[in-house]
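To start, the structure itself, in structure tokens.
The values are calculated or read from the model by the stated rules, or taken from the named source; none is laboratory data. On a predicted model such as this, the values are computed, not experimentally measured, just so you know. Backbone-built Cβ (ideal geometry, glycine too); neighbour counts: all protein chains shown. We work out accessible area using only protein heavy atoms, side chains counted, and drop any ligands, DNA or RNA first. Shrake-Rupley method; radii C 1.70, N 1.55, O 1.52, S 1.80 Å.
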Amino acid sequence: MNMWGLLMIILAVLSAAGILYLASRIGRFWIIKRIAKEKRNICFLIGLIILIALSASIWLAWGYMNAIVCILHLLVFWLLAEGIFTIIQKIRKKEFKRYYAGITAVVFTVCYLGAGWYCAHHVWQTSYEIQTDKSVGNLKVAVFSDSHVGATFDGEGFAGHMKEIEAQSPDIILIVGDFVDDDTSKADMVRACRALGELKCTYGVYYTFGNHDKGYYPSDYRGYSGADLKENLEKNNVHVMEDDVELIDNRFYIIGRADKSEEYGAGRKNMEELVKDLDPDKFSIVLDHQPEDYASQADSGVDLVLSGHTHGGQLFPLMTVEKLTGMTPDDRIYGYEKRDSTNFIVTSVIADWAIKFKTGCKSEYLMINIQ
């Protein structure tokens, strides 16, 4: 069993235990007590029915993962509220007439996850400034990753976000993988590709595959293959790069890497192979979906490496836990880092995948000014 399989089992067990605990707590609300005529077993049963109905509704609407996320957040905040109000009650030496701990837990959870929903479904622009001694001039680069079209927004919604990016007048637009998802419909894929073809910028749109773009299931699952996606992108003038290097305007290189997942299939070139014939005096930008090759990228002397994949850690405190435990193979979860002469940026990405909330980050696209 892999790490993620074990994690899912742990989350499922915690959720089941959480439902039992929360059912006993919900039974303490005065309205439940009144309905149950103060009978503890009936109070618990009513609370259990409410929790199961809530979990099932979220599961049907957004999938089991979001049901787990909501139950675990409610559990954590309820435990915290119970602890806080227990301390307050001891200090005041008098019991509360109402079950304020439960009320606080419910209200705080709804507000907290509501903010997380907004952070996931609203897209911000994040700007970076990169200074270089190389004669690249002034270059404005728009970057986004992990649109997973159909998960947070459909093809039309994606087109709207592309217009926002175009309005910033970037010189070039770079897409760092997971443009579509395993469940992205063909109609949404085609519309999103067409939206890229409608963009106007000096040097066009460049794209490299992520681990979901080619699909983990047979092509009839979603109605198209990775080759069909590539064909639709190229038909809309998108430069699809799989271990390719392109010199643009004799000013800078774009190095588009095959995704790390290809190491187990068709394979991918290492950094030494990709940069061996490049002019070191020209600025180089690497598109690598998964941020897991920082050492060789820094050794290769490239100037800027762009990645996505991590979704910025998605939920607090996952980013901190991943850093402390080293449970992730990623060299960085989010943000900017410099190693030797190489700049690294990992975006928290423009959309979602399975989880509909972002409480550890926000959805974004990048605008990078290189001077």
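For the reader, a short list of remarks on this structure follows.
- In order along the range 130-140, the phi-based Karplus estimate (6.51 cos²θ - 1.76 cosθ + 1.60, θ = phi - 60°) of 3J(HN,Hα) comes to 10, 9, 8, 7, 7, 7, 8, x, 9, 10, 9 Hz; Gly and Pro are listed as x.
- Estimated Rh, the range 216-329: Kirkwood, alpha-carbon pairs, angstrom: 16.3
- If the segment from Asp249 to Ala61 were pulled out straight at 0.36 nm per residue, it would be longer than the present Cα-Cα gap by 62.8 nm.
- Under 20 Å from Lys37, Cα to Cα: lysines that are on another chain or at least 8 residues apart: Lys97
- The phi torsions of the range 201-214, fed into the Karplus equation with coefficients 6.51, -1.76 and 1.60 and a -60° offset, translate into couplings of 7, 4, 10, x, 10, 10, 9, 10, 5, x, 6, 9, 4, 7 Hz, rounded to whole numbers, with Gly and Pro shown as x.
- A simple charge model with +1 on the Cβ of Lys and Arg, -1 on the Cβ of Asp and Glu and nothing else charged puts the dipole of the range 66-127 at about 460 debye relative to its Cα centre.
- Quarter of Cα convex hull surface for the range 3-119, i.e. mean projection, nm²: 8.7
- With Rh defined as the Kirkwood radius, the inverse of the mean 1/r over Cα pairs, the Rg/Rh of the chain is 1.06.
- Rg/Rh ratio calculated on Cα atoms of the range 1-69 (Kirkwood radius): 1.11
- Of Lys269/Lys338; Lys134/Lys338; Lys134/Lys260, those spanning more than 21 Å from alpha-carbon to alpha-carbon: Lys269/Lys338; Lys134/Lys260
- With R₀ set to 45 Å, the beta-carbon distance separating Val107 from Glu273 gives a calculated FRET efficiency near 0.20.
- Estimated purely from DSSP H runs of n ≥ 4, each contributing -39500 (n - 2.57), the mean residue ellipticity at 222 nm for the chain is -14000 deg cm²/dmol once divided by its residues.
- Interchain or long-range residues, amide H under 5 Å from Lys134's placed H: none
- Packing-based order for 30-38, 241-249, using average beta carbon neighbours within 10 Å, highest first: 241-249, 30-38
- Long-range HN-HN contacts of Phe252 with modeled amide H, under 5 Å: none
- Seen from Tyr128, the other residues with C-beta closer than 15 Å to its C-beta sum to a net charge of -2, counting Lys and Arg as +1 and Asp and Glu as -1.
- Simple spin-label estimate for Ser169 and Lys338 gives 2.8 nm between the two label positions (7 Å along the Cα-to-Cβ direction from each Cα).
- Per residue, the chain exposes 49 Å² of solvent-accessible protein surface, assessed with a 1.4 angstrom probe and all protein chains in place.
- Span-like helix ranges in the chain, DSSP H, alpha carbon extent 18 angstrom or more, Kyte mean at least 1.6: 3-26, 40-62
- Using a Gaussian network model of the chain in which every pair of alpha carbons under 10 angstrom is joined by a spring, one finds that among Leu45, Leu113, Leu196 the greatest mean-square fluctuation is at Leu45.
- As a length-normalised measure over Cα pairs under 8 Å and 6 or more apart, the relative contact order of the chain settles at 20 percent.
- Dipole magnitude for the chain: about 3460 debye, using +1 per Lys or Arg Cβ and -1 per Asp or Glu Cβ, origin at the Cα centre.
- Carbon and sulfur %, accessible surface of the chain computed with the full protein complex present, 1.4 Å: 58
- In the elastic network of the chain, a GNM with C-alpha springs shorter than 10 Å, the most mobile of Gln131, Gln314, Gln89 is Gln89.
- Given their separation in residues at 0.36 nm each and the Cα-Cα distance between them, Asp154 and Trp30 gain 40.3 nm when the chain is fully extended.
- Kirkwood Rh and Cα Rg combined as Rg over Rh, evaluated for the range 128-224: 1.04
- In the range 3-119, taking the dipole from charged Cβ atoms about the Cα centre, the farthest positive-side position among Met65, Val13, Phe96 is held by Phe96.
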